[in-house]
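Here's the structure, in C-alpha coordinates; my notes come after.
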Amino acid sequence: MATNMDQDIQTILVTETELDRVTFRIASEIDRDYKDAEHLVLLCILKGSIVFTGELMRKLTIPSEIDFMKVSSYGSGTTSSGRVNIILDIMRSDLNECDILIIEDIIDSGRTLSYLAEYLRLKGAKSVKTCALLDKPSRREVDFQPDYIGLEIPDEFVVGFGLDYDERYRQLPYIGILKPSVYEK
Ligand code: PRP
(Lines give C-alpha, C1' and ligand atoms only; values in the text may rest on other atoms or scores of the structure.)
Protein backbone atom coordinates (compact mmCIF):
# COMPACT_ATOMS: atom_id res chain seq x y z
CA MET A 1 0.00 0.00 0.00
CA ALA A 2 1.39 3.42 -0.93
CA THR A 3 1.90 5.83 1.97
CA ASN A 4 2.86 9.48 2.04
CA MET A 5 6.21 8.37 3.51
CA ASP A 6 7.17 6.73 0.21
CA GLN A 7 7.87 10.13 -1.29
CA ASP A 8 10.79 10.60 1.15
CA ILE A 9 12.51 7.44 -0.13
CA GLN A 10 15.25 7.82 -2.73
CA THR A 11 15.67 4.12 -3.57
CA ILE A 12 14.22 0.85 -2.31
CA LEU A 13 17.25 -1.16 -1.20
CA VAL A 14 15.52 -4.35 -0.01
CA THR A 15 12.02 -5.20 -1.22
CA GLU A 16 9.27 -6.82 0.84
CA THR A 17 9.75 -10.05 -1.13
CA GLU A 18 13.49 -10.07 -0.49
CA LEU A 19 12.93 -9.40 3.23
CA ASP A 20 10.56 -12.35 3.34
CA ARG A 21 13.19 -14.56 1.70
CA VAL A 22 16.00 -13.36 4.01
CA THR A 23 13.99 -13.70 7.23
CA PHE A 24 12.91 -17.19 6.15
CA ARG A 25 16.54 -18.16 5.54
CA ILE A 26 17.69 -16.88 8.96
CA ALA A 27 14.74 -18.57 10.71
CA SER A 28 15.73 -21.85 9.04
CA GLU A 29 19.30 -21.47 10.30
CA ILE A 30 18.04 -20.77 13.84
CA ASP A 31 15.65 -23.74 13.65
CA ARG A 32 18.57 -25.97 12.70
CA ASP A 33 21.05 -24.64 15.27
CA TYR A 34 18.67 -24.51 18.25
CA LYS A 35 16.63 -27.65 17.61
CA ASP A 36 17.92 -29.21 20.86
CA ALA A 37 17.83 -26.01 22.91
CA GLU A 38 15.59 -26.16 25.95
CA HIS A 39 15.05 -22.46 26.41
CA LEU A 40 15.61 -20.22 23.39
CA VAL A 41 14.94 -16.56 24.12
CA LEU A 42 14.76 -14.08 21.25
CA LEU A 43 16.01 -10.86 22.82
CA CYS A 44 14.54 -7.99 20.81
CA ILE A 45 16.58 -4.80 21.11
CA LEU A 46 14.05 -1.99 21.03
CA LYS A 47 12.92 -0.24 19.10
CA GLY A 48 14.29 -0.95 15.63
CA SER A 49 14.30 -4.75 15.94
CA ILE A 50 10.63 -5.17 16.71
CA VAL A 51 9.52 -5.89 13.13
CA PHE A 52 12.43 -8.23 12.36
CA THR A 53 11.95 -10.10 15.66
CA GLY A 54 8.25 -10.52 14.89
CA GLU A 55 9.03 -11.90 11.44
CA LEU A 56 11.56 -14.36 12.84
CA MET A 57 9.13 -15.54 15.52
CA ARG A 58 6.44 -16.17 12.93
CA LYS A 59 8.82 -18.21 10.81
CA LEU A 60 10.50 -20.31 13.51
CA THR A 61 9.16 -23.83 13.96
CA ILE A 62 10.98 -24.51 17.26
CA PRO A 63 9.63 -23.16 20.58
CA SER A 64 10.94 -19.74 21.57
CA GLU A 65 10.28 -17.03 24.10
CA ILE A 66 10.58 -13.32 23.50
CA ASP A 67 12.12 -10.71 25.76
CA PHE A 68 13.21 -7.11 25.41
CA MET A 69 16.02 -4.68 26.14
CA LYS A 70 16.38 -1.07 25.12
CA VAL A 71 19.70 0.63 24.68
CA SER A 72 20.75 3.86 23.09
CA SER A 73 23.76 4.36 20.88
CA TYR A 74 22.64 6.95 18.37
CA GLY A 75 21.79 10.56 19.10
CA SER A 76 18.74 12.05 17.43
CA GLY A 77 20.49 12.42 14.09
CA THR A 78 22.12 10.05 11.64
CA THR A 79 25.48 9.25 13.26
CA SER A 80 26.52 7.05 16.15
CA SER A 81 27.66 8.69 19.37
CA GLY A 82 29.78 5.63 20.18
CA ARG A 83 28.27 5.07 23.62
CA VAL A 84 25.94 2.31 24.76
CA ASN A 85 23.48 3.04 27.57
CA ILE A 86 21.04 0.47 28.95
CA ILE A 87 17.62 2.09 29.17
CA LEU A 88 15.56 -1.08 29.78
CA ASP A 89 17.32 -4.17 31.15
CA ILE A 90 16.26 -7.80 30.80
CA MET A 91 14.46 -8.73 34.01
CA ARG A 92 14.49 -12.47 34.66
CA SER A 93 15.82 -14.76 37.36
CA ASP A 94 16.34 -17.80 35.08
CA LEU A 95 19.01 -16.29 32.81
CA ASN A 96 21.36 -19.18 33.60
CA GLU A 97 18.87 -21.51 31.87
CA CYS A 98 18.35 -19.29 28.82
CA ASP A 99 19.94 -19.56 25.37
CA ILE A 100 19.85 -15.87 24.46
CA LEU A 101 19.75 -14.84 20.82
CA ILE A 102 20.14 -11.07 20.57
CA ILE A 103 18.14 -9.70 17.64
CA GLU A 104 19.20 -6.43 16.02
CA ASP A 105 17.86 -4.65 12.97
CA ILE A 106 21.29 -3.30 12.02
CA ILE A 107 24.95 -3.52 13.01
CA ASP A 108 26.94 -0.42 12.26
CA SER A 109 29.96 0.39 14.48
CA GLY A 110 29.40 -2.96 16.23
CA ARG A 111 29.43 -1.34 19.67
CA THR A 112 25.86 -2.21 20.64
CA LEU A 113 26.00 -5.92 19.81
CA SER A 114 29.50 -6.51 21.17
CA TYR A 115 28.61 -4.70 24.40
CA LEU A 116 25.30 -6.56 24.82
CA ALA A 117 26.79 -9.98 24.09
CA GLU A 118 29.46 -9.45 26.74
CA TYR A 119 26.95 -7.92 29.18
CA LEU A 120 24.61 -10.93 28.95
CA ARG A 121 27.47 -13.42 29.30
CA LEU A 122 28.67 -11.63 32.44
CA LYS A 123 25.10 -11.55 33.72
CA GLY A 124 25.11 -15.36 33.55
CA ALA A 125 23.15 -16.39 30.45
CA LYS A 126 23.53 -20.08 29.55
CA SER A 127 24.54 -19.10 26.01
CA VAL A 128 24.60 -15.90 23.96
CA LYS A 129 24.50 -15.51 20.18
CA THR A 130 23.77 -12.51 17.98
CA CYS A 131 21.69 -11.89 14.88
CA ALA A 132 21.46 -8.76 12.70
CA LEU A 133 19.20 -8.27 9.70
CA LEU A 134 21.43 -5.63 8.12
CA ASP A 135 25.20 -5.23 8.29
CA LYS A 136 27.18 -2.13 7.34
CA PRO A 137 30.71 -3.64 7.45
CA SER A 138 32.32 -0.44 6.20
CA ARG A 139 31.21 1.34 9.40
CA ARG A 140 32.69 -1.14 11.89
CA GLU A 141 34.71 0.38 14.76
CA VAL A 142 35.03 -2.72 16.92
CA ASP A 143 35.98 -6.18 15.68
CA PHE A 144 32.68 -8.00 15.93
CA GLN A 145 30.83 -10.41 13.63
CA PRO A 146 27.23 -11.49 14.40
CA ASP A 147 26.46 -15.22 14.32
CA TYR A 148 23.56 -14.63 11.89
CA ILE A 149 23.43 -11.90 9.25
CA GLY A 150 20.69 -11.09 6.76
CA LEU A 151 22.27 -8.75 4.23
CA GLU A 152 25.33 -6.57 3.89
CA ILE A 153 24.41 -3.07 2.81
CA PRO A 154 26.36 0.04 1.77
CA ASP A 155 26.82 3.01 4.10
CA GLU A 156 23.53 4.75 3.30
CA PHE A 157 20.89 6.09 5.67
CA VAL A 158 18.21 3.41 5.56
CA VAL A 159 14.71 3.30 7.04
CA GLY A 160 11.74 0.93 7.09
CA PHE A 161 11.01 -2.55 8.47
CA GLY A 162 11.57 -1.15 11.97
CA LEU A 163 14.34 1.34 11.21
CA ASP A 164 13.55 4.99 11.74
CA TYR A 165 14.63 8.53 11.19
CA ASP A 166 13.44 10.63 14.13
CA GLU A 167 10.93 7.85 14.97
CA ARG A 168 9.33 7.91 11.50
CA TYR A 169 9.30 5.34 8.68
CA ARG A 170 9.49 2.25 10.94
CA GLN A 171 6.23 0.96 9.45
CA LEU A 172 7.43 0.84 5.84
CA PRO A 173 7.35 -2.80 4.63
CA TYR A 174 10.65 -2.44 2.74
CA ILE A 175 14.13 -1.04 3.49
CA GLY A 176 14.68 2.23 1.67
CA ILE A 177 17.41 4.84 1.37
CA LEU A 178 16.15 8.13 2.77
CA LYS A 179 16.43 11.20 0.56
CA PRO A 180 19.21 13.39 2.05
CA SER A 181 16.90 16.40 1.76
CA VAL A 182 14.81 14.88 4.60
CA TYR A 183 17.63 15.01 7.17
CA GLU A 184 19.69 17.88 5.75
CA LYS A 185 17.01 20.46 6.53
C1 PRP B 1 20.45 1.17 16.13
C2 PRP B 1 20.33 -0.33 15.96
C3 PRP B 1 21.35 -0.87 16.90
C4 PRP B 1 22.44 0.18 16.86
C5 PRP B 1 23.53 -0.29 15.94
O6 PRP B 1 19.64 1.54 17.19
O7 PRP B 1 19.03 -0.79 16.27
O8 PRP B 1 20.84 -0.98 18.22
O9 PRP B 1 21.83 1.38 16.40
O10 PRP B 1 24.60 0.61 15.92
P11 PRP B 1 26.09 0.23 16.37
O12 PRP B 1 26.48 -1.04 15.68
O13 PRP B 1 26.87 1.44 15.86
O14 PRP B 1 26.13 0.13 17.84
P15 PRP B 1 19.15 3.04 17.49
O16 PRP B 1 20.07 3.63 18.50
O17 PRP B 1 18.96 3.75 16.19
O18 PRP B 1 17.79 2.87 18.25
P19 PRP B 1 16.34 2.33 17.81
O20 PRP B 1 16.53 0.86 17.49
O21 PRP B 1 15.49 2.53 19.02
O22 PRP B 1 15.87 3.11 16.61
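Worth a mention:
- In region 60-75, the residue that is farthest from THR112 (Cα to Cα) out of those that are open to solvent by 40 Å² or more (accessible area, probe 1.4 Å) and in a strand (DSSP E or B) is GLU65.
Okay, residues lined up against (1) touching a Lys or Arg at 6+ places or on another chain (Cβ under 8 Å); (2) surrounded by 14 or more Cβ atoms within 10 Å (Cβ to Cβ):
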| residue | (1), (2) |
| --- | --- |
| LEU113 | no, yes |
| SER127 | no, yes |
| ASP135 | no, yes |
| ARG140 | no, yes |
| ASP143 | no, no |
| ARG170 | yes, yes |
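- Members of region 30-59 found to be in a helix (DSSP H, G or I), surrounded by 21 or more Cβ atoms within 10 Å (Cβ to Cβ) and of a type in the set (A, V, I, L, M), listed by number: ILE30, VAL51, LEU56
The values are calculated or read from the model by the stated rules, or taken from the named source; none is laboratory data. Computed from a prediction, not measured in an experiment: that's the story for all the values here. Ideal geometry is used to build each Cβ from the backbone, glycine not excepted, and the neighbour counts take in all protein chains shown. Ligands, DNA and RNA are excluded from the accessible area calculation, which covers all protein heavy atoms including side chains. Shrake-Rupley method; radii C 1.70, N 1.55, O 1.52, S 1.80 Å.
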